[in-house]
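FYI, it's all coordinate maths here, none of it is from the lab. Nothing here was measured: the structure is a model prediction, and the numbers come from that model. Positions of Cβ are generated from backbone atoms using ideal geometry, with glycine treated the same way; all protein chains shown enter the neighbour counts.
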Amino acid sequence: MAGIVTLTTDFGLRDAYVAEMKGVMLGIAHAARQTLQLVDVTHEIERHDITEGALALEAAAPFFPAGTVHLAVVDPGVGTARRGMALMAGEQILVGPDNGLFTPFLQGEGWRAFDLEAPDYRLRVVSRTFHGRDVFAPAAAHLATGVDAARLGPPIFDPVRLVWPEVREVTGSVAGAVVHTDRFGNLITSIHARSVEPLDAQLTIRVGGREVPLVGTYGDLQPGRAGALVGSGGRLEIAVREGSAETLLRARRGTPVVVSRTSSMPPRPTRRR
């Protein structure tokens, strides 16, 4: 059975960077008389945007077979003292820079991580500016062809984690923030469905102080109207049907989002003088 390696980068496709990494991996697999199946997740991560890369991996990785190796390179610190890492989390293996890119997979216990130090599992000459080709791609290929991750280097017990916007839960409400805007202008938030479901009531959602309704899907909205829904990745998101929530609501990463129970109490009548 062919090993599977996915690729997620901010390289784009105009240059040869992605092809160089694929060539390295295919060469290693060929020498081991094994076959690799290479799958592109995306190469359109915003340049140097580690958070966007982490969210792309969080969305895609769970749908791949057990044992898939996910090679991810969003690496503004290439060539510095930052470590390279292989992370075993659940049934998935992730390879790339230890810079917070794998934060979504470090929740809970049971993960194992290793520093990519062993010279036998990198190219003989390592460029300080392209660890994706010379360090991460070889490690990914070796893992996909059956090498034990522990052979790549010593264990890592303190992997770098991104500082996600805090999700605060108080009686009757959940507060978070926008963490990403996708290509449709949808605002992806730090609030997971699991934080909203316990409220178990009609909900009010405020984005930067503006109220939007909770709907089931994009088509439940009138064209040009904004609403909140639970997206396919399990996070609350704000969308505008056939438009951009980012533009309409003038929101961006860090804009506060608050979900609260809609009060069932009728408004108090105004007393006339």
What ratio of Cα Rg to 2.2 N^0.38 Å holds for region 168-261? 0.95
Phi-based couplings in Hz for region 28-40 (Karplus 6.51, -1.76, 1.60; Gly and Pro marked x): 5, 5, 4, 5, 8, 6, 10, 10, 10, 10, 9, 10, 7
What does the net charge come to around LEU71 if you take all other residues with beta carbon closer than 12 Å to its beta carbon, with K and R at +1 and D and E at -1? 0
Sequence ranges 249-259, 212-222, ranked by mean other-Cβ count within 10 angstrom, highest first: 249-259, 212-222
Can you order the peptides 171-179, 121-129 by their average number of other Cβ atoms within 10 Å per residue, highest first? 171-179, 121-129
Calculated FRET efficiency, TYR218 and THR262, Cβ-Cβ r, R0 25 Å, to nearest 0.05? 0.70
Considering only DSSP beta bridges with both partners in region 3-156, what is the antiparallel share in %, to the nearest 5? 45
With no solvent and one point per C-alpha, what does the Debye sum give as log10 I(q)/I(0) for region 3-156 at q = 0.13, 0.14 Å⁻¹? -0.50, -0.58
Antiparallel DSSP bridges in the chain: what percent, to the nearest 5? 70
Between ALA2 and GLU20, what length in nm is gained on full extension when 0.36 nm per residue of separation is reduced by their alpha carbon distance? 4.5 nm
20 Å reach of a label modelled at HIS192, 7 Å along Cα-to-Cβ, counting backbone N of region 82-100: 87-94, 100
List the GluC sites (Glu not before Pro) in region 219-253 that DSSP assigns to loop (not H, G, I, E or B) and whose Cβ has at most 15 other Cβ atoms within 10 Å. Which are they? GLU242
Orientation-averaged projected area, Cα convex hull of the chain (nm²): 18.2
